[in-house]
Amino acid sequence: MTKLSVNINKFATIRNSRGGDNPNVLKAALDAERFGADGVTVHPRPDERHIRYNDVREIKHAIKTEFNIEGNCTEQKFIDLVLEVKPHQVTLVPDALGQLTSDHGWDTIKNKNYLIEIISVFKNAGIRTSIFVDPVIEMVEGAKATGTDRIELYTEGYAKHFNDNKDAAIEPYIAAAKKANELGLGINAGHDLDLYNLKYFAQNVPGLLEVSIGHALVCDAIYLGYENAVQMYKRQLAPNP
Ligand code: PXP
């Protein structure tokens, strides 16, 4: 079965919007596990506007499932953190500084030499590597040449076109996954996966090992818990019996 890694960055975004420690990010990681997630993902950015580097250190010591740190490996700060924390997996993402969210995969051909070098740094430290790629055959073949253990397929394109034509939307992902399987690369996926498009993706992409999901899952957690929260607040205001 495909594993679910919950990306808890959004909890940190809400916490940081008010200072203080509500919601508690470590609790969000531990609760994800308690509720059945197979792992926890964090995406520390150099400006620490979501997850802070100290959150990452704390979470690693506390969780029992798989820990995945994703981020921009051209930042030395990110490399040092990953080597210090030693998660089960590092996912390399070609983010620009200050980027709102990841919006493209690696050009594994242009960046081949750089990727070979950085991947060997992490693999020598005993950390499984995954690189974020678009569902393009040449990029998957290029990924193989870097020595990475896995690829993470960037699923925004799939999610965007799912409602218009899900067969067409998933086609490049199936082709990319078949190529990855043929080359012996593990397959992860993520970005904009949600309750509506996830099942079809997981059922049709062969060899899908793991999905990491943040935004939609946290939005659903808010909506699904909204009624409960309003009623609990009303109860606090009710006259004593
Ligand atoms: N994978 C990568 C590389 C990402 O950057 C993100 C977003 O931080 C995700 C997966 C999760 O995407 P979403 O928040 O849309 O579920």
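Are any residues in segment 149-195 part of a loop (DSSP other than H, G, I, E, B), more than 19 Å from THR91 (Cα to Cα) and away from the ligand (no atom under 14 Å from the Cβ), and if so, which ones? Explain how you work it out, then say what you get.
Pass one, segment 149-195, residues part of a loop (DSSP other than H, G, I, E, B): 149, 155, 162-165, 184-185, 191-195.
From what's left, more than 19 Å from THR91 (Cα to Cα): 162-165, 194-195.
Across segment 149-195, the qualifying residues are ASN163, ASP164, ASN165.
Kindly indicate the residue of segment 120-148 that is part of a strand (DSSP E or B) and of a type in the set (S, T, N, Q) and also nearest to the ligand (Cβ to nearest atom) among those meeting that condition.
At the first step, the residues of segment 120-148 found to be part of a strand (DSSP E or B) are 128-133.
Applying the additional criterion that residues be of a type in the set (S, T, N, Q) yields 129-130.
Values: THR129: 13, SER130: 9 Å.
Here the residue is SER130.
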Every pair of residues 6+ apart whose Cβ atoms lie under 7 Å, when the first sits in segment 43-59 and is in contact (Cβ under 8 Å) with a residue 24 or more places away in the chain and within 10 Å of ASN9 (Cα to Cα) while the second is among the aromatic types (Phe, Trp, Tyr) and more than 11 Å from the ligand (Cβ to nearest atom): PRO44/TYR53; PRO44/PHE78
Residue pairs within 8 Å by beta carbon, gap of at least six or interchain, first lying in segment 201-216 and part of a helix (DSSP H, G or I), second more than 14 Å from the ligand (Cβ to nearest atom) and not hydroxyl-bearing (Ser, Thr, Tyr), listed first then second, are PHE201/ILE170; ASN204/ILE170; ASN204/ILE174
Please find, within segment 100-119, the residue that is farthest from the ligand (Cβ to nearest atom) out of those that are of a type in the set (A, V, I, L, M) and out of contact with any Asp or Glu (no Cβ under 7 Å at 6 or more places or on another chain). ILE116
Which condition number in (1) free of Cβ contacts under 8 Å to residues at least 24 places away in the same chain; (2) closer than 20 Å to ARG128 by Cα; (3) under 16 Å from the mean Cα position of the chain (by Cα) is the one that ALA28 fails? (2)
Can you confirm whether segment 129-139 contains a residue that is in contact (Cβ under 8 Å) with a residue 40 or more places away in the chain, loosely packed, with under 15 Cβ neighbours inside 10 Å and of a type outside the set (Gly, Ala, Ser)? yes
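Go through segment 4-28 residue by residue and tally those that are touching a helix residue (DSSP H, G or I) at 6+ places or on another chain (Cβ under 7 Å), more than 11 Å from the ligand (Cβ to nearest atom) and hydrophobic (A, V, I, L, M, F, W, C). Steps first, please.
To start, the set of residues in segment 4-28 that are touching a helix residue (DSSP H, G or I) at 6+ places or on another chain (Cβ under 7 Å) comprises 6, 8, 10-12, 15, 21-23, 25-26, 28.
Next, from what is left, pick out any that are more than 11 Å from the ligand (Cβ to nearest atom): 11-12, 15, 21-23, 25-26, 28.
Now restrict to residues that are hydrophobic (A, V, I, L, M, F, W, C): 11-12, 25-26, 28.
Looking only at that region, the number is 5.
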Find all pairs meeting these conditions: Cβ atoms under 8 angstrom apart; at least six residues apart or on different chains; first residue within segment 1-18 and without any contact (Cβ under 8 Å) to a residue 12 or more places away in the chain; second residue more than 14 Å from the ligand (Cβ to nearest atom). ILE14/PRO23; ARG15/ASP21; ARG15/ASN22; ARG15/PRO23; ARG15/ASN24; ARG15/VAL25
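Only the coordinates and a few stated rules stand behind these numbers; no lab work does. Given the structure is predicted, the values throughout are model-derived calculations rather than measurements. Every residue, glycine as well, gets a Cβ built from its backbone with ideal geometry; the counts of neighbours run over all protein chains shown.
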